[in-house]
Structures are given as structure tokens and as C-alpha cells.
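Colleague: One structure, as C-alpha cells, below. Some questions next.
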Amino acid sequence: MNNFWKRTITGILIVAIIAGSIILTQYAFAIVALIIVILGIYEFFLLYHNVQAKPMIIPGILAGVYVYLSIALSTFGFIPFQGKIILLAINLTVFPFLFFFELFSGNKNPIANVAFTILPILYVSVPFGLLNLLYTGPSSLQFGFPTLLLGYFIIIWTNDTGAYLAGMAFGKHKLFERVSPKKTWEGLISGAVFAFLFAWLLSLIFTNHSLIDWFSVAAIVAVFGTMGDLVESLFKRNAQVKDSGSILPGHGGMLDRFDVVFLSAPFLILYFLLSTF
């Protein structure tokens, strides 16, 4: 089976799992996102064993899981306000504990070890934790709509598909050759066109948010999602690997598949927070 069909079949399965979990319940999505977080952090740690760093794998994963859960659970309605504050406040103690682990580890390069342990927590856990806000957050901030979360992923998938197909078919002008030789301007523009087209369609189907809101989601994905893709390519080039992992045939690893989310989700949350003023 060639790479195109592997990528297509894997992509369909990813869409089915993500979309199915969103449609099912907020808890189903939270669990799927948690699995992505665990695997993503683990992949990141394996990447950087190749660059003279020794991240704390078990403590780092546990810290990443806690940070994710504290953000996700704080968005759920059954936890009182004081409980949410306590959950988020404990995050302040998570990172000092990682310093304490390194203090007693006796490993070389302690600064690099701590840095490469904390980075994937911020890079992976926080964005996916914030996505739960789209599902369960207060409607006064335009959150709390599963359709918003589903639409966000649909726009990501259409942007990625449009960029991939156009780049393969007629991509000639390199976008950022130093970091990602295969990315082209033709792919970027085609991906953005697909994203805005589906944003328009989503505005007709999911009317809880305006056309401007959906176009803003498309713009955030096209700009910051592309930056996320390039940043992930930069990380892999630094680690001297082609893919972050091999768990997703045709796509690589979790970091390869969800790199758009890591850097676009914070801007998406920020947009909806600011749009209420």
C-alpha cells in the first residue's frame, strides 16, 4: 500500500475518532484528547534523547497529564469555583517538583533536561486542555458549543487536505525551504482557500456563530496552524528525524498529526475571549 492510501485511511480513522468523540459527549472528547496528550509528550521525549538531553519521561508525562486534566476539569460544570481554582493553583507546584527530581537525579546537562521536560507540557498539554473550553465553557464568551470544536477540526482537516493535494499537484515555490523543503506557497494558498470555503459552509450549518467568527477560525488555522506545522518541522530537523513517530501510518506520529492544533488553539481561545468585549 503506497503512502497516499495509508495517509488517506489513517486520516479517515482520525476524523472518525475525533468527530465521533465530540458528537458523543464532552467526556469522550476529553478522554481522546488525553490519549493524544500522553502519546504526544512521550514522542517529544523520545525526539530529544537524540540531542544531548535526558528528559524526565515518567515525571514529565505525569505532570503533563495533571496540567491537561486540571485545565479540562476546570471547564466542566460540576466542579465548584473553589475547586477549579485549587486545580489550577496546583499547576504552580508541578514545575518546581520537576526541578526537584532533576536535582536528585545526578544526570548531566540539568538545564537542558528540565527544559526539554517542561517544553512538551506547555506545547501539548495546555492547548489540548484549552480545547475543552470550546465544548463546555460559558456561552457568554461564545464557548460551550460542540459545533464550534467540531468546526475547528473540520477547518483544520480541510486546510491540511487542500495544502497537501495542491502541493503534490502543482507546488513549485518553496514556502520555508530551510525548515520544510516540501511546503510550498501554492499549498499554503490552496489550503487557506479550502479553509475559508468550509468556514462559509459551516456558517450556514452551525448558526450559533457568525460568518465572521467562522472566517476568523479559518484565518487562525491558515496562519498560526501553518506556523505550527513549520515549528514541528523545525523540531524534527533539530532532532534529525523525518517523523515524530510511527503510530499513525502515512502521517507519522501524534506531533506530526496535531502540530496545527498546538499553536493555533491558544489564538482561537484568545479570539473568542476578545470578541466578547
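The values are calculated or read from the model by the stated rules, or taken from the named source; none is laboratory data. Computed from a prediction, not measured in an experiment: that's the story for all the values here. Cβ sites come from the backbone with ideal geometry, for glycine too, and all protein chains shown count toward neighbours.
Colleague: Return the total of residues in the stretch 140-158 being at pLDDT below 90 and crowded, with 20+ Cβ neighbours inside 10 Å.
Modeller: Quick first cut of the stretch 140-158, residues at pLDDT below 90 only: 140-146.
Adding the requirement that they be crowded, with 20+ Cβ neighbours inside 10 Å leaves 143.
Of the residues in that region, 1 qualify.
Colleague: Let me ask another. Any idea which of (1) touching a Ser or Thr at 6+ places or on another chain (Cβ under 6 Å); (2) within 19 Å of residue 265 (Cβ to Cβ); (3) touching a residue at least 12 places away in the same chain (Cβ under 8 Å) is the one residue 129 doesn't satisfy?
Modeller: (1)
Colleague: Which one of these does residue 215 not meet: (1) hydrophobic (A, V, I, L, M, F, W, C); (2) in contact (Cβ under 8 Å) with a residue 24 or more places away in the chain; (3) out of contact with any Lys or Arg (no Cβ under 9 Å at 6 or more places or on another chain); (4) surrounded by fewer than 22 Cβ atoms within 10 Å (Cβ to Cβ)?
Modeller: With (1) hydrophobic (A, V, I, L, M, F, W, C); (2) in contact (Cβ under 8 Å) with a residue 24 or more places away in the chain; (3) out of contact with any Lys or Arg (no Cβ under 9 Å at 6 or more places or on another chain); (4) surrounded by fewer than 22 Cβ atoms within 10 Å (Cβ to Cβ) applied to residue 215, the lone miss is (2).
Colleague: When both residues are 6+ apart or on different chains and their Cβ atoms are under 9 Å apart, which pairs have a first residue that lies in the stretch 94-105 and is among the small types (Gly, Ala, Ser), and a second that is part of a helix (DSSP H, G or I)?
Modeller: 105/113
Colleague: Would it be correct to say that residue 231 is β-branched (Val, Ile, Thr) and either touching a residue at least 40 places away in the same chain (Cβ under 8 Å) or not in a helix (DSSP H, G or I) (or both)?
Modeller: On the way: β-branched (Val, Ile, Thr): yes; either touching a residue at least 40 places away in the same chain (Cβ under 8 Å) or not in a helix (DSSP H, G or I) (or both): no.
So residue 231 fails the test.
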